[in-house]
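Asker: What follows is a structure written as structure tokens; I'll ask about it next.
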Amino acid sequence: MTDEVEIPEDHPRYQSLLTRHRIEEGVEKGITSKQGLIAEGRGESFDYLLGEETLPSADEAERAASAQLLLAEHAVLSVNGNVAALVPGEIVELAEATGADIEVNLFNRTDERMQAIADHLREHGAEEVKGLTADARIPGLEHERGKVDEDGIYSADVVLVPLEDGDRAEALAEMGKTELVIDLNPLSRSPRTAAIPIIDNIMRAVPNMTAHARNLADASPDELKAIVEGFDRETALKEAENAIRDI
């Protein structure tokens with residue numbers, strides 16, 4: 001397997017090759033499911049249509065999402081197998097910058113995968129990883145993604161749900177939670193359910209959010225609220241869709 005350090009950063013397909021490497025490694029480690037390979041391929045196709053760059057509207061969404069995390073009383077970053085494989089250290093840095101908890105949540109859930117992902121996140125600096133207790137359930141979801149920690153996603157007011165299934169996004173919204181969704185398809189149910197949809201590659205989005213959070217660390221609650229309220233979700237979705245259609 002190609003090592004990350006062997007991929008020159010000036011390679012025109014650097015980001016794509018890096019993404020594929022991390023997903024492949026995730027499958028080998030038992031972190032990412034084989035279905036995750038298909039999901040990543042679908043996402044990569046949308047990223048290609050978006051020019052493999054962060055649109056101005058996506059950057060605005062990332063700034064608003066960071067402000068929302070900083071305003072939260074109890075924020076949680078939800079992590080699935082693809083997220084753990086692609087941005088483990090970056091998720092830990094975002095959690096540290098915003099004071100959010102990290103919780104593992106899987107559709108193809110096994111004790112072995114849950115533990116492997118938790119250990120992987122700890123190897124990348126996480127001090128606490130929720131999700132293994134699973135002592136609560138999201139109403140209306142009978143599959144494994146409905147299992148959550150009572151002191152984690154279940155009681156959170158703000159949840160970042162990257163690479164999310166549409167049904168869980170809708171169920172969390174029905175619980176009254178403020179959802180921040182990272183997804184490369186602006187027509188997907190998940191971003192269309194979110195309070196703040198981020199149409200961007202997760203490998204760009206999460207570091208951008210951390211940078212924004214650090215820049216906003218000294219902002220007042222009123223300043224943070226103004227950023228969130230100034231964000232137009234419909235415009236962000238439309239601009240991403242237009243970028244794809246106009247290629």
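Asker: Are there any pairs with C-beta distances below 8 angstrom linking a residue in segment 138-161 that is farther than 20 Å from T193 by Cα and free of Cβ contacts under 8 Å to residues at least 24 places away in the same chain to a residue that is of a type in the set (A, V, I, L, M, F, W, C) and part of a strand (DSSP E or B), with the two at least 6 apart or on different chains, and if so which?
Answerer: Hits for this filter: E150/A136.
Asker: Could I ask something else about it? Out of the residues in segment 114-148 that are under 18 Å from P162 (Cα atoms) and open to solvent by 30 Å² or more (accessible area, probe 1.4 Å), state the one that is modelled with the lowest pLDDT.
Answerer: Filtering segment 114-148 for residues that are under 18 Å from P162 (Cα atoms) and open to solvent by 30 Å² or more (accessible area, probe 1.4 Å), the one modelled with the lowest pLDDT comes out as E144.
Asker: Sort out which residues of segment 170-185 are among the charged types (D, E, K, R) and within 14 Å of S57 (Cα to Cα), and write them in order of number. So that I can check it myself, show each step before the final result.
Answerer: Initial filter on segment 170-185 (among the charged types (D, E, K, R)): 170, 174, 177, 179, 183.
The answer is D183, and nothing else.
Asker: Give just the number: which of (1) crowded, with 23+ Cβ neighbours inside 10 Å; (2) out of contact with any strand residue (DSSP E or B) (no Cβ under 8 Å at 6 or more places or on another chain); (3) at pLDDT 95 or above does A65 not satisfy?
Answerer: (2)
Asker: Also, quick follow-up: Can you name every one of the helices (runs of 4 or more DSSP H) wholly within segment 68-179 that holds 3 or more residues which are under 15 Å from T32 (Cβ atoms) and touching a helix residue (DSSP H, G or I) at 6+ places or on another chain (Cβ under 7 Å)? Give the steps one after another, and end with the answer.
Answerer: Numbers: elements: 81-86, 88-98, 111-123, 166-174.
Hits in segment 68-179: 81-86, 111-123.
Asker: I need the full set of residues from segment 80-94 which are open to solvent by 10 Å² or more (accessible area, probe 1.4 Å) and more than 18 Å from K29 (Cβ to Cβ), in order please.
Answerer: E93
The values are calculated or read from the model by the stated rules, or taken from the named source; none is laboratory data. Worth saying up front: this structure is predicted, and the values here are computed from it rather than measured. Glycine gets a Cβ as well: all are built from the backbone with ideal geometry, and neighbour counts include every protein chain shown. Quick note on the areas: whole protein, heavy atoms, side chains included, nothing else; ligands and nucleic acids left out. Shrake-Rupley method; radii C 1.70, N 1.55, O 1.52, S 1.80 Å.
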